[in-house]
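Engineer: Mind having a look at this structure? Questions to follow.
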Amino acid sequence: MALCGAAAAVAEILPCEVIVHIFSFLSPWDRLRASSVCSRWRECLFYPSLWPELRLRLRGSEAERCRLDFLMKKCGSFVRELRVEFEGSGSESAAELGAGELVTLKAYVDEMVCVLRSIRSNRNLQKLSVFGDIYLQEQGEKQPHEIQQLIEELLGNSKHLKWLSLGFMMEVVTPTTLAALPQSSANCIEHLSLLDTHFINKSPVVEAVELERFLNLRSLALDFCDFTADVTRVLANSNHVPLHRLSLLMSNVHVLDNMPQDADWKVLTRHCANLHVYIMAFNVRNDILLRILKPSIPLERIHFDSSTNGISGDVVDLITQQYNKSLTHLLLIKDVEQGINGFPDVGSDRNEDPMVILAWKCRKLSHLSIHGYVVWAHNLIAIARLRGPGLQVLEVTEESINFDAAMTPLDGDPMHNLIEEVSLGLGKRWHPVMKNEILYVFSETARYFYKEMQRFSEGI
């Protein structure tokens, strides 16, 4: 007990700077536990140097509102990196939600207002990332309008903001949002992400003329409807630093007016020699995709997700032909239950399976995910053998796998034999994704894309 008393006495006389330095070696959870020792330690807990970054996952819970208020009052004025994510997906309109869901949605909005109010005067904020995927416009005009004003006030006060990412915030980001940034702040922005897929006829969130102010932009993520030929010309201007990462989100694309042509992509890649492109396509028709995918796009990742039409073999062939030197990630997701006739087969009526040809020719392919399309077992084995250990991720749902009786050994369990052969080809243990496994690449596509886009952009 004497030793404990001596230790406590020493802790009492330690300068605050020393206590803060000791706290810096602890995890956030351990810091919070240490802060309960005494009031002096609790005061030291919220030194700015201990909380340079906050990651919040909001649940729309009234019970957690007090904790959020306390945390943001303590840290909102000095935090440098802030990531906010809403836990649930609420992309339905108010008319489609029940009473309980509307209460949760209102709590989400209240939490967002709480966060933005606490950081609106933070001049040291360097990174802001918000993922919402919720409707706000039907919660009454007052709160969405307040959120718009708070975002503009935050941007107007920012001095060192380098990363601005607002994803799926349902018309909260408007064409006037970026105008709130002073020119000095616009020069600091290195990553800009403005994504909102739910309004087909909406006005562009950002015009080409607005992007002329962002001279040091190295990473950009936009809806495809906002990425026009005029935007490519602005980004290719010699006054701009070369762009390194470009993420494009296509959703129900029907109008292709002012779409970048191959000549525009050539000009852009001439100025941005190290440009890498990531494309996410939601419910985009095959004929539209064949027109959008230009040969000069430096495509590294492409993710197809559809609940309507499936991707055709012609699209896969085009990707193989045009992007075999650059493609590293391919995701084919069809979000529907297996019908009477089974899943669609991109290689139907063909002697050579398009996915096998793609695996053969795209030598940089390191990630392949397939769900909702027929994958023949012998073709899956061929893909694993062709790419070997270089194919770091191979995610195929069990229900997508079919067996050809003419090419399946008579002895043993076909699935067990498949697992053994694919594992041998990849040089590591492999198994298909089972029905009871939850991979959010299949279940929460928007969230998956947003997080992957963040990692993709951070990889500069």
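Engineer: Return yes or no: is Thr308 open to solvent by less than 50 Å² (accessible area, probe 1.4 Å) and hydroxyl-bearing (Ser, Thr, Tyr)? Spell out how you get there, then give the answer.
Structural biologist: Details: open to solvent by less than 50 Å² (accessible area, probe 1.4 Å): no; hydroxyl-bearing (Ser, Thr, Tyr): yes.
Taking the combined requirement at face value, the residue does not satisfy it.
Engineer: Of all residues in segment 221-254, which are within 23 Å of Phe304 (Cβ to Cβ), in a loop (DSSP other than H, G, I, E, B) and either in contact with a helix residue (DSSP H, G or I) (Cβ under 8 Å, 6 or more places away or on another chain) or open to solvent by 10 Å² or more (accessible area, probe 1.4 Å) (or both)?
Structural biologist: Of everything in segment 221-254, those that are within 23 Å of Phe304 (Cβ to Cβ), in a loop (DSSP other than H, G, I, E, B) and either in contact with a helix residue (DSSP H, G or I) (Cβ under 8 Å, 6 or more places away or on another chain) or open to solvent by 10 Å² or more (accessible area, probe 1.4 Å) (or both) turn out to be Thr228, Asn252, Val253, His254.
Engineer: Another question about this same structure. Conditions first: (1) assigned to a loop (DSSP other than H, G, I, E, B); (2) over 22 Å from the mean Cα position of the chain (by Cα); (3) crowded, with 17+ Cβ neighbours inside 10 Å. Asp257 passes all but one, so which condition is the exception?
Structural biologist: (3)
Engineer: Moving on. Every residue in segment 68-84 that is under 17 Å from Arg123 (Cβ atoms), crowded, with 17+ Cβ neighbours inside 10 Å, over 22 Å from the mean Cα position of the chain (by Cα) and not β-branched (Val, Ile, Thr), please.
Structural biologist: Met72, Cys75, Gly76, Phe78
Engineer: Would you please list the contacts, defined by Cβ atoms under 6 Å and residues six or more apart or on different chains, that run from a residue in segment 300-312 that is free of Cβ contacts under 8 Å to residues at least 24 places away in the same chain to a residue that is among the polar types (S, T, N, Q) and assigned to a strand (DSSP E or B)?
Structural biologist: Sorted first by the residue in segment 300-312, then by its partner, the list stays empty.
Engineer: Residues of segment 417-460 being in contact with a helix residue (DSSP H, G or I) (Cβ under 8 Å, 6 or more places away or on another chain) and of a type in the set (Asp, Glu), which ones?
Structural biologist: Glu421
Engineer: If you check Glu153 against the conditions, is it open to solvent by 30 Å² or more (accessible area, probe 1.4 Å), farther than 24 Å from Ser193 by Cα and at pLDDT 75 or above?
Structural biologist: On the way: open to solvent by 30 Å² or more (accessible area, probe 1.4 Å): yes; farther than 24 Å from Ser193 by Cα: no; at pLDDT 75 or above: yes.
No.
Engineer: Is there a residue being modelled with pLDDT of 85 or more and in a helix (DSSP H, G or I) anywhere in segment 34-50? Steps first, answer last, please.
Structural biologist: Within segment 34-50, the subset modelled with pLDDT of 85 or more is none.
Within segment 34-50, not a single residue is modelled with pLDDT of 85 or more and in a helix (DSSP H, G or I).
Engineer: Might you check whether a residue that is hydrophobic (A, V, I, L, M, F, W, C) and within 26 Å of Asp262 (Cα to Cα) occurs anywhere in segment 365-382? Steps first, please.
Structural biologist: Start the filter on segment 365-382 by keeping residues that are hydrophobic (A, V, I, L, M, F, W, C), which leaves 365, 368, 370, 374-377, 380-382.
Next, only the ones that are within 26 Å of Asp262 (Cα to Cα) stay: 365.
Yes.
Engineer: Could you pull out the residue among Phe25, Phe78, Phe46 that is in contact with a Cys (Cβ under 9 Å, 6 or more places away or on another chain), hydrophobic (A, V, I, L, M, F, W, C) and farther than 30 Å from Leu105 by Cβ?
Structural biologist: Numbers: Phe25 fails: in contact with a Cys (Cβ under 9 Å, 6 or more places away or on another chain); Phe78 fails: in contact with a Cys (Cβ under 9 Å, 6 or more places away or on another chain).
Criteria check complete, one pass: Phe46.
Engineer: Tyr450: assigned to a loop (DSSP other than H, G, I, E, B) and open to solvent by less than 50 Å² (accessible area, probe 1.4 Å), yes or no?
Structural biologist: Details: assigned to a loop (DSSP other than H, G, I, E, B): no; open to solvent by less than 50 Å² (accessible area, probe 1.4 Å): yes.
The answer is no for Tyr450.
Engineer: May I pose another question? Which residue pairs have Cβ atoms closer than 7 Å, lie 6 or more positions apart in sequence or on different chains, and pair a first residue in segment 274-289 that is among the aliphatic types (A, V, I, L, M) and modelled with pLDDT of 95 or more with a second residue that is surrounded by fewer than 17 Cβ atoms within 10 Å (Cβ to Cβ) and not in a strand (DSSP E or B)?
Structural biologist: Here the result reads none, with nothing in segment 274-289 linked to a residue that is surrounded by fewer than 17 Cβ atoms within 10 Å (Cβ to Cβ) and not in a strand (DSSP E or B).
Engineer: Turning to a different aspect of this structure: Can we say Ser129 is open to solvent by less than 30 Å² (accessible area, probe 1.4 Å), modelled with pLDDT of 90 or more and more than 23 Å from the chain's Cα centre (by Cα)? Even if it seems obvious, please write down each step before you answer.
Structural biologist: Details: open to solvent by less than 30 Å² (accessible area, probe 1.4 Å): yes; modelled with pLDDT of 90 or more: yes; more than 23 Å from the chain's Cα centre (by Cα): no.
So Ser129 fails the test.
Engineer: Now, a different point. With Gln137, Gln143, Gln148 as the choices, which residue is modelled with pLDDT of 75 or more and open to solvent by 30 Å² or more (accessible area, probe 1.4 Å)? Spell out the reasoning first.
Structural biologist: Values: Gln137 fails: modelled with pLDDT of 75 or more; Gln143 fails: modelled with pLDDT of 75 or more.
Unique residue meeting the criteria: Gln148.
Engineer: List every residue pair whose Cβ atoms sit under 9 Å apart, with the two residues 6 or more apart in sequence or on different chains, where the first one lies in segment 33-47 and is outside the structural domain of Lys73 (by the TED database) and in contact (Cβ under 8 Å) with a residue 12 or more places away in the chain and the second, anywhere, is part of a helix (DSSP H, G or I) and of a type in the set (Lys, Arg).
Structural biologist: What qualifies is Leu45/Arg31; Leu45/Lys74; Phe46/Lys74.
Engineer: Mind checking whether some residue in segment 205-220 is open to solvent by less than 30 Å² (accessible area, probe 1.4 Å), outside the structural domain of Glu85 (by the TED database), farther than 24 Å from Phe456 by Cβ and at pLDDT below 95? Steps first, please.
Structural biologist: Filtering segment 205-220 for residues open to solvent by less than 30 Å² (accessible area, probe 1.4 Å) gives 205-206, 208, 211, 214, 217, 219-220.
Of the ones still in play, those that are also outside the structural domain of Glu85 (by the TED database) are 205-206, 208, 211, 214, 217, 219-220.
Filter once more, so that each one left must be farther than 24 Å from Phe456 by Cβ: none.
No, there is no match, as no residue in segment 205-220 is open to solvent by less than 30 Å² (accessible area, probe 1.4 Å), outside the structural domain of Glu85 (by the TED database), farther than 24 Å from Phe456 by Cβ and at pLDDT below 95.
Engineer: For Arg117, which of the numbered conditions (1) of a type outside the set (Val, Ile, Thr); (2) farther than 23 Å from Glu64 by Cα; (3) open to solvent by 20 Å² or more (accessible area, probe 1.4 Å); (4) at pLDDT 70 or above fails to hold?
Structural biologist: Status for Arg117: all satisfied but (2).
Engineer: Going by the conditions given, is Val396 buried (at least 19 other Cβ atoms within 10 Å of the Cβ), of a type in the set (Val, Ile, Thr) and within 27 Å of the chain's Cα centre (by Cα)? Reasoning before the result, please.
Structural biologist: On the way: buried (at least 19 other Cβ atoms within 10 Å of the Cβ): yes; of a type in the set (Val, Ile, Thr): yes; within 27 Å of the chain's Cα centre (by Cα): yes.
Yes: the conditions hold for Val396.
The values are calculated or read from the model by the stated rules, or taken from the named source; none is laboratory data. These numbers come from a predicted model, not from an experiment. Because the Cβ atoms are built from the backbone with ideal geometry, glycine has one as well, and the counts that use them run over all protein chains shown. Just the protein is used for accessible areas: all its heavy atoms, side chains included, with ligands, DNA and RNA removed. Shrake-Rupley method; radii C 1.70, N 1.55, O 1.52, S 1.80 Å.
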